[in-house]
Amino acid sequence: MAKKARAAGGTPATVALTKADVPFEVRPYAHDPRAESYGAEAAQALGVDPARVFKTLLVSLDGSLVVGVVPVSGQLDLKALARALGGSKAVMADVAAAERATGYVAGGISPVGQKRPHPTVVDASALEHRTILVSGGRRGLDLELAPQDLVAVTGAVTATIGR
């Protein structure tokens with residue numbers, strides 16, 4: 001896979017992947033601000049099975065922010081995420097808090113290149129695919145990479161956290 005960080009104008013995510021020497025492909029698409037689901041929009045615009053497009057969700061787990069990465073075709077199981085990280089109480093993080101903590105806007109939050117690293121869990125279904133797509137750090141930009149590379153670069157654990 002080619003590294004195309006400069007071609008996309010570069011985001012913290014593309015910069016981080018390039019710096020880590022992780023192969024990836026930039027997959028831009030025309031974002032419609034009226035889209036109800038950013039992930040479903042990306043899958044449709046890019047002609048990709050929604051099971052291969054993953055959304056990045058921030059969760060408050062026992063008072064600390066953590067990241068769950070699940071297919072856009074499903075939902076995050078908060079109890080499963082809590083179990084995967086050894087926590088107890090998980091609730092979706094406030095959007096403003098997620099944006100502040102990651103440096104990205106909602107709908108464009110990437111699991112890679114956040115302001116500071118957060119404990120991350122990638123749904124185990126990602127490992128069933130040769131490549132997956134995640135947000136590239138802004139709406140209308142996805143990055144395609146091997147799921148094992150995403151796990152390695154984010155220091156994630158894998159677990160069944162989607163439903």
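Observations
- Straight-distance crosslink candidates among aspartates and glutamates, where the alpha carbon sits under 18 Å from LYS89 and sequence neighbours closer than 8 are dropped: ASP62, ASP77
- For the stretch 23-81, the Rg and Dmax computed from alpha carbons only, in angstrom: 13.3, 38
- Restricting the stretch 83-150 to GluC sites (Glu not before Pro) that sit in a DSSP loop and have at most 13 other Cβ atoms within 10 Å of their own Cβ leaves nothing.
- Where the Cα pairs of the stretch 24-163 fall when distances are cut into 10 Å bins, in %: 13, 47, 35, 5
- The HN-Hα couplings worked out from phi for the stretch 13-23 by the Karplus form 6.51 cos²θ - 1.76 cosθ + 1.60 (θ = phi - 60°) are 5, 5, 5, 5, 5, 5, 4, 7, 6, 9, x Hz, whole numbers, x standing for Gly and Pro.
- Note on VAL157 and ALA35: the extension gain reaches 40.9 nm, defined as 0.36 nm multiplied by sequence separation minus the Cα-Cα distance.
- Accessible solvent surface per residue of the stretch 25-115, calculated while the other protein chains remain in place, 1.4 angstrom probe, Å²: 48
- For the stretch 1-130, with all protein chains in place and a probe radius of 1.4 Å, 52% of the accessible heavy-atom surface sits on carbon or sulfur.
- When each of the peptides 26-37, 65-76 is scored by the mean number of other C-beta atoms lying within 10 Å of its residues, the order from highest to lowest reads 65-76, 26-37.
- Amide N of the stretch 135-149 lying under 11 Å from the label point, which is placed 7 angstrom from the Cα of LEU127 along Cα→Cβ: 148
- Computed helical MRE - 222 nm, the chain, DSSP H runs ≥ 4 contributing -39500 (n - 2.57), nearest 500: -6500 deg cm²/dmol
- Given their separation in residues at 0.36 nm each and the Cα-Cα distance between them, LEU46 and MET92 gain 13.8 nm when the chain is fully extended.
The values are calculated or read from the model by the stated rules, or taken from the named source; none is laboratory data. Everything numeric in this text was worked out from a predicted model, so none of it was measured. Counting neighbours? That spans all protein chains shown, and the Cβs are built from the backbone with ideal geometry, glycine included. The protein model used for the area step is the full one, side chains on, heavy atoms only, and it has no ligands, DNA or RNA in it. Shrake-Rupley method; radii C 1.70, N 1.55, O 1.52, S 1.80 Å.
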